[in-house]
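*Asks:* This is the structure, below, for whatever I ask next.
The values are calculated or read from the model by the stated rules, or taken from the named source; none is laboratory data. Remember, it's a predicted structure, so these values are computed and weren't measured experimentally. Cβ atoms come from the backbone with ideal geometry, glycine included; neighbour counts cover every protein chain shown.
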Amino acid sequence: MKHRTNNTPDHHGQAEALITRRELAKLCKVSTRTVDNWIASKRIPFLRGPSERCVRFAWSEVIKSLQHSSCDRK
């Protein structure tokens, strides 16, 4: 699994590793299509790479966003 880092420090003050669409889908136990839908609906934060297809995610930010959106639906 390749990890790239962004400039967002994690709770230990270190740069957080960025994960791919496929890695995010696996961690969330959903399909990559579901991840694409989350991106399209702006439900989760993401970083776009040099091409349209290249997106990366900060796991901690995705978790916050998904927890927040699930609380809004209750």
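*Asks:* Check off (1) of a type in the set (Lys, Arg); (2) in a helix (DSSP H, G or I); (3) under 10 Å from the mean Cα position of the chain (by Cα) for ARG33 and give me the number that stays unchecked.
*Replies:* Here ARG33 clears every test but (3).
*Asks:* Hey, any hits in segment 39-50 for a residue that's over 21 Å from SER69 (Cβ atoms), at pLDDT 95 or above, out of contact with any strand residue (DSSP E or B) (no Cβ under 6 Å at 6 or more places or on another chain) and not acidic (Asp, Glu)?
*Replies:* no
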